[in-house]
């Protein structure tokens, strides 16, 4: 078996998902601001060109400076940070994505380059151009920015719903997957919303413009908020096309995912209703504090939505192809025979701090199979999660891991590695509870092997979907 193993980095006391999630949420928010900002500026340029709002051009020039300074600069930095963190946390996942979709990535980068060139050209020469030229340049920027989203969305949605790719292994069968369109429309509406809320905030800072003129500008910007009322329908569409087990996590199987899905949809609906009733129907003027609060609400909805998008893929990072710990389903059986440490060539960091070889072995098993989603004693710490379990419970629950928690992958190792991990967690929780020499006890290993055999090598979600298991 050819197994790709990569060195890993620890971020204790934070889990790796928090690191990439924190960077990713900020990047996604800024990127969507850049995309929606293009359409908003195109709309306001049309207002200026047709004479529908005499202050539209002045607002547009000020708004674009904010977009360049915030979205272009910070967006570029967080984009690089995303690649830097993902190749440290899940290099095998990134490797598959690049291998399968390198031409899609290249196409996306081409549109991104056009977006940047058009944006900076407008920043440099926009004030000197006539309205028709400005409209054309902003049109190029908007199209390029949206198509950048279009290509990336296909790859991200493929991770959850690969569709025909799992059998056909073709680019387009994976790219135009079942969740492609609801995800694309959802992200497009989110981008318009963020851009509109930033516009409302920028408008409150305009000097030399009376309240009535600023209210008129805000009312125009609010039209891009109205589609937010469609978010609950898009949420239903998204739930309808994702796998049964993923849907079950959101609909009560995972309290955290249910909560965050509800927060995302509720915040989106509130923003949309406020826009329809407060800004479009009654034409209210909102001050800077209210605009900032609405923008923070949109950021919270974005964060909650990204949490759900990542969470519903469990136990996979690429559905049916690669588990969250970077082990493929077709590799489990071999690793059960040979042991997972047979394919891990990297030395253990701070090995001398552990008393004996059993604990060092357990630490290596933890590093390879658990550390991507857990710490030892920090966030989502295993000593907290297993602290009340007896030794026998730890052995059985880890050996039958996909039955213990269906959103975790099967244990990919032999009986001795299960026991090493059990003793390592016991020692980390309470050094006095560590039992020596059990790794060589044939009775203990035989019992663990029986549990491994009972568990099988199939993902727990398959058993749940077939009605053979429970959440």
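Identify, from the list 211, 283, the residue that is assigned by TED's automatic domain parsing to the domain that holds residue 53, at positive phi and touching a residue at least 60 places away in the same chain (Cβ under 8 Å). Testing whether each residue is assigned by TED's automatic domain parsing to the domain that holds residue 53, at positive phi and touching a residue at least 60 places away in the same chain (Cβ under 8 Å) leaves just 283.
Considering 72, 44, 29, the condition of being under 23 Å from residue 295 (Cα atoms), modelled with pLDDT under 90 and assigned to a helix (DSSP H, G or I) is satisfied by 72 alone.
One line per residue, one yes/no per condition, for (1) under 28 Å from the mean Cα position of the chain (by Cα); (2) assigned to a loop (DSSP other than H, G, I, E, B); (3) within 27 Å of residue 321 (Cβ to Cβ); (4) modelled with pLDDT under 95:
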residue	(1), (2), (3), (4)
374	yes, yes, yes, yes
407	yes, yes, yes, yes
412	yes, yes, yes, no
421	no, no, yes, no
436	no, yes, no, yes
443	no, no, no, no
448	no, no, no, no
454	no, no, yes, no
467	no, yes, yes, yes
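Annotation note: of 197, 230, the sole residue that is surrounded by fewer than 23 Cβ atoms within 10 Å (Cβ to Cβ), on the phi < 0 side of the Ramachandran plot and in a helix (DSSP H, G or I) is 230. Counting just the residues of the range 376-405 that are in a loop (DSSP other than H, G, I, E, B) and in contact with a helix residue (DSSP H, G or I) (Cβ under 6 Å, 6 or more places away or on another chain), which one comes out surrounded by the most Cβ atoms within 10 Å (Cβ to Cβ)? Here the residue is 376. Of the helices (runs of 4 or more DSSP H) contained entirely in the range 235-314, those carrying at least 2 residues that are farther than 30 Å from residue 325 by Cβ fall at 255-274, 288-311. In the range 423-440, the residues that are in the same structural domain as residue 364 (by TED's automatic domain parsing) form Cβ pairs under 6 Å with partners that are assigned to a helix (DSSP H, G or I) and modelled with pLDDT under 90, at six or more places apart or across chains, as follows: 426/433. Here residue 19 passes the criteria (1) without any contact (Cβ under 8 Å) to a residue 40 or more places away in the chain; (2) assigned to a helix (DSSP H, G or I) except the one numbered (1). For the range 348-359, the tally of residues that are outside any loop (DSSP other than H, G, I, E, B) and surrounded by fewer than 20 Cβ atoms within 10 Å (Cβ to Cβ) stands at 4. Only residues that are touching a residue at least 24 places away in the same chain (Cβ under 8 Å) and over 24 Å from residue 404 (Cα atoms): list them for the range 232-252, please. Result: 232, 234, 235, 237, 238, 241. Quick one: which of 283, 313 is touching a helix residue (DSSP H, G or I) at 6+ places or on another chain (Cβ under 7 Å) and at pLDDT 90 or above? Exactly one of 283, 313 is touching a helix residue (DSSP H, G or I) at 6+ places or on another chain (Cβ under 7 Å) and at pLDDT 90 or above, namely 313. Going by the conditions given, is residue 345 exposed (fewer than 15 other Cβ atoms within 10 Å of the Cβ), outside any helix (DSSP H, G or I) and at pLDDT below 95? The answer is yes for residue 345. The range 92-191 holds helices (runs of 4 or more DSSP H) entirely within its bounds, and those carrying 1 or more residues that are in contact with a strand residue (DSSP E or B) (Cβ under 8 Å, 6 or more places away or on another chain) and either at positive phi or touching a residue at least 40 places away in the same chain (Cβ under 8 Å) (or both) map to 131-160.
Of all residues in the range 253-275 being surrounded by fewer than 16 Cβ atoms within 10 Å (Cβ to Cβ) and touching a residue at least 40 places away in the same chain (Cβ under 8 Å), which is nearest to residue 308 (Cα to Cα)? For the range 253-275, the residue satisfying everything is 256. Consider the range 157-193 and keep the residues that are within 16 Å of residue 95 (Cα to Cα) and either surrounded by fewer than 18 Cβ atoms within 10 Å (Cβ to Cβ) or not assigned by TED's automatic domain parsing to the domain that holds residue 308 (or both). The one that is modelled with the lowest pLDDT is 169.
The values are calculated or read from the model by the stated rules, or taken from the named source; none is laboratory data. Keep in mind the model is a prediction, meaning the values are calculated, not measured. Positions of Cβ are generated from backbone atoms using ideal geometry, with glycine treated the same way; all protein chains shown enter the neighbour counts.
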